[in-house]
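J.: The following block contains the structure, expressed as structure tokens.
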Amino acid sequence: MNSLLDKTKKYIIAYAHGGISNRIKCVVSALRWANALKREVALYWPKDYTCNCAFQDLFENKITEIGSDVYENFEKHRFFSFFHNKYTLMDTWRLLVFGKELRRGFGNVYPKALGESGGGSIDLEYERVPEAIREKFLIYFNNFVPVTYVRDQVNIFSQRFNKSTVSVAIRTWVDSGWRSKLFDINEFYRIMDTFPDANFFVTSDSSEIVRILAEKYNDRIIYYPKRTANGDRSSVEGVQDTLIDLLLASKNKFLVGSHLSTFSEVAWWFGECQAKVSIASRQKYRKIFPYRFYIPVLSFRL
């Protein structure tokens with residue numbers, strides 16, 4: 001990683017954290033804002049318990065990376081700064097739109113966070129996202145180049161799919177407190193049973209759920225065999241396998257996703273927004289979402 005940035009250039013300092021899909025969304029937002037503001041991106045992608053894997057372990061794209069020492073020097077100035085100066089700090093998991101692109105209050109799933117830059121929210125809106133905005137964001141999603149191992153595995157395994165294959169992305173939220181209330185396997189059964197002639201590519205953070213589905217739907221279930229364990233974030237192999245699942249889920253024209261899951265959302269974007277989406281969730285919790293009260297885009301001059 002670069003320990004110093006070129007002092008003659010202006011940067012978006014992007015802090016990508018959380019799971020792999022949250023991080024990918026952050027990178028997309030940073031690249032798009034950097035292009036608009038005529039800046040470069042400096043990426044802080046920490047290896048931690050949420051994703052113990054470097055950006056370059058997943059993607060071949062060339063991007064300036066910084067370590068914790070450099071990022072922390074920027075972060076400590078977070079609340080003493082002015083926008084549009086030399087360094088713009090971006091700490092977000094959102095797909096940030098510009099102020100005039102979308103009316104404020106557009107989002108049904110997530111409202112704008114307090115102090116958040118840009119216009120309304122397109123996060124987790126799927127087919128509601130206006131076509132013109134989809135095209136603008138797809139430029140950046142389509143630009144990701146997975147590492148050779150990931151590309152090869154996706155190309156080989158996806159040959160098992162046919163025109164009737166439905167992608168099913170199940171997040172049980174077993175590691176996420178209150179979100180576990182969102183998961184209801186019966187809601188997935190309900191949607192899957194509307195495809196009586198389909199086979200299903202299943203990706204999940206739970207091996208047990210994959211087993212249960214295989215017992216119910218027999219050879220109609222397809223799943224990518226993991227080198228470690230389902231939902232493993234602690235190793236490069238585990239996170240690479242998650243990326244493989246993410247890209248495989250993007251290959252089919254129907255997607256059954258999980259409520260509030262950015263994994264399901266990013267699979268839809270990687271599929272160029274072509275899949276028809278059904279979201280499975282316990283009915284009584286469909287309107288639940290956590291507010292995020294932080295300011296994700298600031299800048300300052302050092």
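J.: Given the pairs Lys47/Lys181; Lys216/Lys276; Lys7/Lys86; Lys226/Lys253; Lys100/Lys276; Lys38/Lys86, which are separated by over 18 angstrom at their Cα positions? Could you put the intermediate results ahead of the total?
T.: Values: Lys47/Lys181 28 Å; Lys216/Lys276 24 Å; Lys7/Lys86 9 Å; Lys226/Lys253 24 Å; Lys100/Lys276 28 Å; Lys38/Lys86 11 Å.
Beyond 18 Å: Lys47/Lys181; Lys216/Lys276; Lys226/Lys253; Lys100/Lys276.
J.: Sticking with this structure for a sec: Give the calculated FRET efficiency between Asp6 and Thr228 to the nearest 0.05, with a Förster radius of 45 Å applied to their Cβ-Cβ distance. Intermediate results must be reported in sequence, preceding the final value.
T.: Working: r = 38 Å, r/R0 = 0.85.
With R0 = 45 Å, the Cβ-Cβ based efficiency is 0.70.
J.: Per residue of the chain, what 222 nm ellipticity follows from adding -39500 (n - 2.57) for every DSSP H run with n ≥ 4, rounded to the nearest 500?
T.: Details: 8 runs with 89 residues, N = 302.
Counting only the DSSP helices, I get -9000 deg cm²/dmol.
J.: Of Arg190, Arg94, Arg220, Arg134, which has the most accessible area and how do the rest follow, probe 1.4 Å? Numbers along the way, then the final one.
T.: Details: Arg190 115, Arg94 5, Arg220 65, Arg134 30 Å².
Highest to lowest solvent-accessible surface, that is Arg190, Arg220, Arg134, Arg94.
J.: A further question follows. Could you rank Phe201, Phe263 by how accessible they are, 1.4 Å probe, largest area first? Before the final figure, lay out the partial values.
T.: Numbers: Phe201 0, Phe263 40 Å².
Highest to lowest solvent-accessible surface, that is Phe263, Phe201.
J.: Read through the labelled values [x] 155; [y] 115; [z] 128 and report the label of the one computed as volume of the Cα convex hull per residue in Å³ from the structure.
T.: [z]
J.: About its Cα centre, what dipole magnitude does the chain give when the only charges are +1 on Lys and Arg Cβ and -1 on Asp and Glu Cβ, stated in debye to the nearest 20? It would help to have the intermediate numbers written out before the result.
T.: Values: 43 positive and 33 negative charges, 211 e Å.
Charge dipole of the chain: 1020 debye, to the nearest 20.
J.: If amide hydrogens are placed 1.01 Å from N in the peptide plane, which non-local residues have theirs closer than 5 Å to the one on Phe59?
T.: Val147
J.: Next question. Go ahead and collect, in residue order, the members of the stretch 139-174 whose backbone nitrogen is under 18 Å from a label point 7 Å along the Cα-Cβ direction of Lys62.
T.: 143-148
J.: Per residue, what accessible area does the stretch 26-69 have, given a 1.4 Å probe and all protein chains present, in Å²? Provide the component values of the computation, followed by the final result.
T.: Working: 1760 Å² over 44 residues.
On a per-residue basis, 40 Å².
J.: In addition: What does the accessible area of Glu127 come to, in Å² to the nearest 10, when a probe of 1.4 Å is used?
T.: For Glu127, solvent-accessible area is about 80 Å².
J.: Which three extents, in whole angstrom, do the alpha-carbon atoms of the stretch 1-46 cover along their principal axes, largest first?
T.: 33, 25, 9
J.: One quarter of the convex hull surface, Cα atoms only: what value does that give for the stretch 131-286 in nm²?
T.: On the way: hull surface 38.1 nm².
Projected over every direction and averaged, the Cα hull of the stretch 131-286 covers 9.5 nm².
J.: What fraction of the DSSP beta bridges in the chain is antiparallel, stated in percent and rounded to the nearest 5? Don't jump to the answer; show the numbers that get you there.
T.: Working: 6 of 34 bridges.
Of those bridges, close to 20 percent are antiparallel.
J.: Hey, rough spin-label estimate for Arg134 and Asn108, points 7 angstrom out along Cα→Cβ, what's it come to in nanometres?
T.: 1.5
J.: For the stretch 79-234, what is the charge dipole size about the Cα centre, in debye to the nearest 20, if Lys and Arg each add +1 at the Cβ and Asp and Glu each add -1 at the Cβ? Could you put the intermediate results ahead of the total?
T.: Numbers: 22 positive and 19 negative charges, 70 e Å.
Once rounded to the nearest 20, the dipole reads 340 debye.
J.: While we're on this one: Can you give the net charge of the other residues whose Cβ lies under 15 Å from the Cβ of Tyr224, counting K and R as +1 and D and E as -1? Numbers along the way, then the final one.
T.: Working: positive: Arg151, Arg160, Arg211, Lys226, Arg227, Lys251; negative: Asp152, Asp205, Asp232, Glu237, Asp241, Asp245.
Once positives and negatives cancel, what remains is 0.
J.: Counting alpha carbon pairs within less than 8 Å and at least 6 residues apart, what relative contact order, in whole percent, applies to the chain? Can you show the working numbers first?
T.: On the way: 556 pairs, mean separation 73.6, N = 302.
Dividing the mean separation by the residue count of the chain yields 24 percent.
J.: Lys and Arg at +1, Asp and Glu at -1: add these up for the other residues within a Cβ distance under 11 Å of Phe161 and post the number. Before the final figure, lay out the partial values.
T.: Working: positive: Arg160, Lys163, Lys251, Lys253; negative: none.
Charge balance near Phe161 sits at +4.
J.: What angle do you read, to the nearest 10 degrees and between 0 and 90, between the alpha-carbon axis of helix 20-37 and the longest principal axis of the chain?
T.: For 20-37 against the chain, the angle is about 40 degrees.
J.: In addition: Tell me, what is the 1.4 Å probe accessible area of Asp193, in Å² to the nearest 10?
T.: Accessible area, nearest 10 Å²: 90 Å².
J.: Using amide H atoms built in the peptide plane, which far-off residues or other-chain residues are under 5 Å from Phe98 H to H?
T.: Here the answer is Gly119, since their amide H atoms fall under 5 Å of that of Phe98.
J.: HN-Hα J couplings of the stretch 239-244 from phi, Karplus 6.51/-1.76/1.60, θ = phi - 60°, integer Hz, Gly and Pro as x?
T.: Taking θ as phi minus 60°, the curve returns 6, 4, 5, 5, 5, 4 Hz for the stretch 239-244.
J.: Is the stretch 235-284 rounded, prolate or oblate when judged by the Cα gyration tensor, a ≥ b ≥ c being the square roots of its eigenvalues, rounded requiring a/c under 1.5 and prolate requiring a/b larger than b/c? Mind showing how you got there, number by number?
T.: Details: a/c = 2.77, a/b = 1.36, b/c = 2.04.
Judged from the Cα gyration tensor, the stretch 235-284 comes out oblate (a/c at least 1.5, b/c at or above a/b).
J.: Would you mind checking which residues have amide H under 5 Å from Ile222's amide H? H placed 1.01 Å from N; only 5 or more apart, or other chain.
T.: Result for Ile222 returns Phe200, Phe201, Val202.
The values are calculated or read from the model by the stated rules, or taken from the named source; none is laboratory data. The structure displayed is predicted, hence computed values, not measured ones. Ideal geometry is used to build each Cβ from the backbone, glycine not excepted, and the neighbour counts take in all protein chains shown. Remember, those area values only see protein heavy atoms, side chains included, never the ligands or the DNA or RNA. Shrake-Rupley method; radii C 1.70, N 1.55, O 1.52, S 1.80 Å.
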